[in-house]
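Undergrad: So that we are looking at the same thing, I have put the structure below in structure tokens.
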Number of protein chains: 2
Amino acid sequence: MAANSRLTIAVHALAWMALAGRRGQELLTSDQVAASVNTNPVIIRRSLGDLRRAGLVDVRHGAGAGWSLARAPEEITLLDVYDAVEQEPLFGMHRTEPNLECPVGRGIRPALGHVYGGVEEALRRELQRTSIADVLRQTLRAR
Amino acid sequence: MAANSRLTIAVHALAWMALAGRRGQELLTSDQVAASVNTNPVIIRRSLGDLRRAGLVDVRHGAGAGWSLARAPEEITLLDVYDAVEQEPLFGMHRTEPNLECPVGRGIRPALGHVYGGVEEALRRELQRTSIADVLRQTLRAR
DNA sequence: CCCTGCTGTAACGGAAGCTGTTACAACAGG
DNA sequence: CCTGTTGTAACAGCTTCCGTTACAGCAGGG
């Protein structure tokens, strides 16, 4: 499985913003976030751009610009983040159309679509159970 | 997300083998399976090789060679198949180590590991609820 | 009204994974 | 021994992801 790190990067950025906000610093630049994640600021801007389009963060331009949370950390679930940064389905179908003259080839895709839908639904339910505030709490507890 | 089709290919192959077995043909060659999936026989051999290592299918060499199910279709769950063909975790961690001088950078990985573990567990529970026989039943129902 | 600092995004490159293809050695029934 | 099939290596094309550089655009503050 592809195992990309987009969800991890986005959650890390949000958790860091939540901690900074608690310390009185509402506004962070992509450079400041990138310093904690240890990556290039453009990666952070791309990720936070996805989150902005989903309404999870706000951005300010001009001098004194930066990013801030659009909601309280308790109100942002990992499902919100997942929807913001991932679009591909979990499991791919056949790359080439199966043989439609075979009874299995003819019916397998809708059948699998149904099963895969149930799996994704279970995944989404689980992601919804955890908020950015939960992640931050567990993060600070781990010493 | 990468959305590879390995689970789909493997389940398709197993469902087709289950149907052929029900029709009295226990043994299928990789060419015959490839004809239903509509792909190259080597792809099928690679996939069935994973399933063989997991003990889900048997193989016979020599003349009259081919593949057969090692268990009844009711006894093979999609979780068995998933474990046989996927090894990467669902969500990747940071590609480069986060900044350990930041409290979030220091604690985020174990915290996320815990959350991701719960999500994978939910996914596994759901995959376990469906067998190859279930998939075949739904496949033949869809006309 | 300009200056400055940051965002938004395009363009590009390297690395890795997946799929598909060819080729060929190994194996085992008949 | 012959034949048909498996097992696997090697390779190519394609795509995605991550990282980097570059630069236009925006908006507060002086």
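The values are calculated or read from the model by the stated rules, or taken from the named source; none is laboratory data. Keep in mind that what you see is a predicted model, and the values were worked out from it rather than measured. Positions of Cβ are generated from backbone atoms using ideal geometry, with glycine treated the same way; all protein chains shown enter the neighbour counts.
To keep it simple, each residue is scored yes or no on (1) more than 23 Å from B:Gly107 (Cβ to Cβ); (2) in contact with an Asp or Glu (Cβ under 7 Å, 6 or more places away or on another chain).
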| site | (1), (2) |
| --- | --- |
| A:Thr29 | no, no |
| A:Leu56 | no, yes |
| A:Ala63 | yes, no |
| A:Glu86 | yes, no |
| A:Phe91 | yes, no |
| A:Glu120 | yes, no |
| A:Leu123 | yes, no |
| A:Gln128 | no, no |
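Undergrad: Residues being facing chain A (nearest Cβ under 7 Å) and part of a helix (DSSP H, G or I): count how many of those fall in region B:126-140.
TA: 6
Undergrad: Looking at (1) more than 30 Å from A:Val33 (Cα to Cα); (2) touching a Lys or Arg at 6+ places or on another chain (Cβ under 7 Å), find the lone condition where B:Gln87 falls short.
TA: (2)
Undergrad: Sticking with this one: Could you tell me how many of the residues in region A:37-70 are more than 6 Å from DNA strand C (Cβ to nearest atom) and loosely packed, with under 15 Cβ neighbours inside 10 Å?
TA: The qualifying residues number 5.
Undergrad: What residue, of B:Val11, B:Val37, B:Val33, is among the aliphatic types (A, V, I, L, M) and either in contact with a Phe, Trp or Tyr (Cβ under 7 Å, 6 or more places away or on another chain) or more than 7 Å from every other protein chain (Cβ to nearest Cβ) (or both)?
TA: B:Val33 is the lone residue from the list that is among the aliphatic types (A, V, I, L, M) and either in contact with a Phe, Trp or Tyr (Cβ under 7 Å, 6 or more places away or on another chain) or more than 7 Å from every other protein chain (Cβ to nearest Cβ) (or both).
Undergrad: Out of all the residues in region A:108-116, is one or more modelled with pLDDT of 95 or more, among the β-branched types (Val, Ile, Thr) and within 12 Å of the chain's Cα centre (by Cα)?
TA: no
Undergrad: Moving to a separate point now. Which residues, taken from region B:84-124, are touching a residue at least 24 places away in the same chain (Cβ under 8 Å) and more than 7 Å from chain A (Cβ to nearest Cβ)?
TA: Answer for region B:84-124, where residues must be touching a residue at least 24 places away in the same chain (Cβ under 8 Å) and more than 7 Å from chain A (Cβ to nearest Cβ): B:Ala84, B:Val85, B:Tyr116, B:Glu120, B:Arg124.
Undergrad: Taking A:Leu69, is it farther than 18 Å from B:Ile108 by Cα, out of contact with any Cys (no Cβ under 6 Å at 6 or more places or on another chain) and in contact (Cβ under 8 Å) with a residue 24 or more places away in the chain?
TA: For A:Leu69, the condition - farther than 18 Å from B:Ile108 by Cα, out of contact with any Cys (no Cβ under 6 Å at 6 or more places or on another chain) and in contact (Cβ under 8 Å) with a residue 24 or more places away in the chain - is met.
Undergrad: While we're here: Tell me whether region A:33-49 contains one or more residues that are more than 25 Å from A:Gln128 (Cβ to Cβ) and in contact with a Lys or Arg (Cβ under 7 Å, 6 or more places away or on another chain).
TA: No.
Undergrad: Condition test on B:Pro103, is it in contact with a helix residue (DSSP H, G or I) (Cβ under 7 Å, 6 or more places away or on another chain), within 13 Å of DNA strand D (Cβ to nearest atom) and within 30 Å of A:Ala18 (Cα to Cα)?
TA: no
Undergrad: Condition check: more than 12 Å from DNA strand D (Cβ to nearest atom) and in contact with a helix residue (DSSP H, G or I) (Cβ under 6 Å, 6 or more places away or on another chain). Does A:Val85 satisfy that?
TA: Answer is no for this residue.
Undergrad: State all residues of region A:44-79 that are acidic (Asp, Glu) and either within 16 Å of DNA strand D (Cβ to nearest atom) or within 14 Å of another protein chain (Cβ to nearest Cβ) (or both); if no residue qualifies, say none.
TA: Residues satisfying the conditions are A:Asp50, A:Asp58.
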